[in-house]
1. Which one of these is surrounded by 10 or more Cβ atoms within 10 Å (Cβ to Cβ) and in contact with a Leu (Cβ under 6 Å, 6 or more places away or on another chain): G101, G64, G110?
2. Return the residues of region 131-147 that are within 30 Å of L115 (Cα to Cα) and without any contact (Cβ under 8 Å) to a residue 12 or more places away in the chain; say none if nothing qualifies.
3. Taking strands (runs of 3 or more DSSP E) that do not extend beyond region 69-164, which have at least 3 residues that are under 29 Å from the mean Cα position of the chain (by Cα)?
4. Looking at this structure, is E176 in contact with a helix residue (DSSP H, G or I) (Cβ under 8 Å, 6 or more places away or on another chain) and either outside the structural domain of F236 (by TED's automatic domain parsing) or not in a strand (DSSP E or B) (or both)?
5. List the pairs whose first member sits in region 292-314 and is farther than 12 Å from P341 by Cβ and free of Cβ contacts under 8 Å to residues at least 60 places away in the same chain, whose second member is in a helix (DSSP H, G or I) and among the small types (G, A, S), and whose Cβ atoms are under 6 Å apart, counting only residues at least 6 apart or on separate chains?
6. Exactly one of (1) under 30 Å from K318 (Cα atoms); (2) in a loop (DSSP other than H, G, I, E, B); (3) outside the structural domain of R368 (by TED's automatic domain parsing) is unmet by L197. Its number?
7. I'd like the residue in region 164-216 that is at pLDDT 90 or above and β-branched (V, I, T) and, out of all such residues, is farthest from Y249 (Cα to Cα).
8. Within the set of pairs 6 or more residues apart or between chains, which connect a residue that is touching a residue at least 60 places away in the same chain (Cβ under 8 Å) inside region 340-362 to a residue that is surrounded by fewer than 14 Cβ atoms within 10 Å (Cβ to Cβ) with Cβ atoms less than 9 Å apart?
Amino acid sequence: MLTQFAAFEIEGYEYKGLNKVWKGKLSEAKASKNSIKIQEAQNMVVLYDSLQLAHKCILNSFYGYVMRKGARWYSMEMAGVVTYTGAKIIQNARLLVEKIGKPLELDTDGIWCVLPASFPENFTLKTKDLKKKLTISYPCVMLNVDVARNNTNDQYQTLTDPIEKTYATHSECSIEFEVDGPYKAMILPASKEEGILIKKRYAVFNDDGTLAELKGFEIKRRGELKLIKVFQAELFDKFLHGSTLEECYSAVASVANRWLDLLDNQGKDIADNELLDYISESSTMSKSLAEYGSQKSCAVTTARRLADFLGDTMVKDKGLRCQYIVACEPMGTPVSERAVPVAIFETDTEIMKFYVRKWCKVSDVDIRSIIDWSYYNNV
């Protein structure tokens, strides 16, 4: 397994090297203002960046694979060593970074941090071949020296003679940090509760104001409220506004207040179909409705109610997309039992009134009167 893993890893490094080569060619093309070469270089950068990322994703999945029973290389010992070693490397990196800067976010395979502007960044080394230069990242080298010192395997063995079964022993350390950035800003949301940290939820911005990385936010997830997605999309655009923290907060607050007003005035300034579009949630059922049995969820309730007015044939297969809103009635019942399918509001008015009264136990079937506004205010 290790041989195949190493070969696959080397292939990923080759794509990474080619990506750097084409980034260099892109810089040259931009300097010469040759639009054809610029387009060609941009295409190749995207290609090799994608191939490198694909290799990285597959490599990162090996740990999860070896700990699953039935895996070709199943080994809980290997999974345990990987987990422990990775955690120790990140912990040591944090201790090192704390001496010179401030750690912002720790992940299983990396660390986000702030370093002083005066801290050394890149060094270009001259080689004997005057045409070639070697540029190194000082923070990266600093971390990798620490990794090599603590994690080099001095007993690594490579099979040299398959017949005689002889091995060559040498030192090996293939674990290395890579540096991304520097970036203009990193936004980390605070928890609603004091002393509790939110993990893997942040937005990182490039110097030109574009998003470099977005993790953990609803805007990236399928099925989440469109209201939250649109709100977050507008919000991220405001985080770089202003020259002080107060001005930044003011710009962000203006967006938040506008969307809170929409909920506070119960969407009176927008049409019904637009309101439904903003507050509806969706979920795709992985099984048929019958297979869920007595389970309770918003999706299951929605599916049952779709079957109620469209017929059982609608829910006999898996993959049903359930789009719903949460009603305020019947009061006292769980949220999972108050899901109303959006499709009912697209049918004939009399049919809609009949089923909404049946499900919600209300006489007033106006959409704004049946919506659970407190639920949406707390989402």
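1. That would be G101, the only listed residue that is surrounded by 10 or more Cβ atoms within 10 Å (Cβ to Cβ) and in contact with a Leu (Cβ under 6 Å, 6 or more places away or on another chain).
2. To start, the set of residues in region 131-147 that are within 30 Å of L115 (Cα to Cα) comprises 132-147.
If the condition is that a residue be within 30 Å of L115 (Cα to Cα) and without any contact (Cβ under 8 Å) to a residue 12 or more places away in the chain, then K132, K133, L134, V141, V145 are the ones that fit.
3. Numbers: elements: 102-106, 111-114, 122-126, 133-137, 153-161.
Correct list: 102-106, 111-114.
4. Working: in contact with a helix residue (DSSP H, G or I) (Cβ under 8 Å, 6 or more places away or on another chain): yes; either outside the structural domain of F236 (by TED's automatic domain parsing) or not in a strand (DSSP E or B) (or both): yes.
Answer is yes for this residue.
5. Between residues of region 292-314 that are farther than 12 Å from P341 by Cβ and free of Cβ contacts under 8 Å to residues at least 60 places away in the same chain and residues that are in a helix (DSSP H, G or I) and among the small types (G, A, S), the close pairs are K296/S336; S297/S336.
6. Answer for L197: the failing condition is (1).
7. Top of the filtered list is T166.
8. From region 340-362, the pairs are F345/D272; F345/N273.
The values are calculated or read from the model by the stated rules, or taken from the named source; none is laboratory data. Keep in mind it's a predicted model, so treat the numbers as computed, not measured. Every residue, glycine as well, gets a Cβ built from its backbone with ideal geometry; the counts of neighbours run over all protein chains shown.
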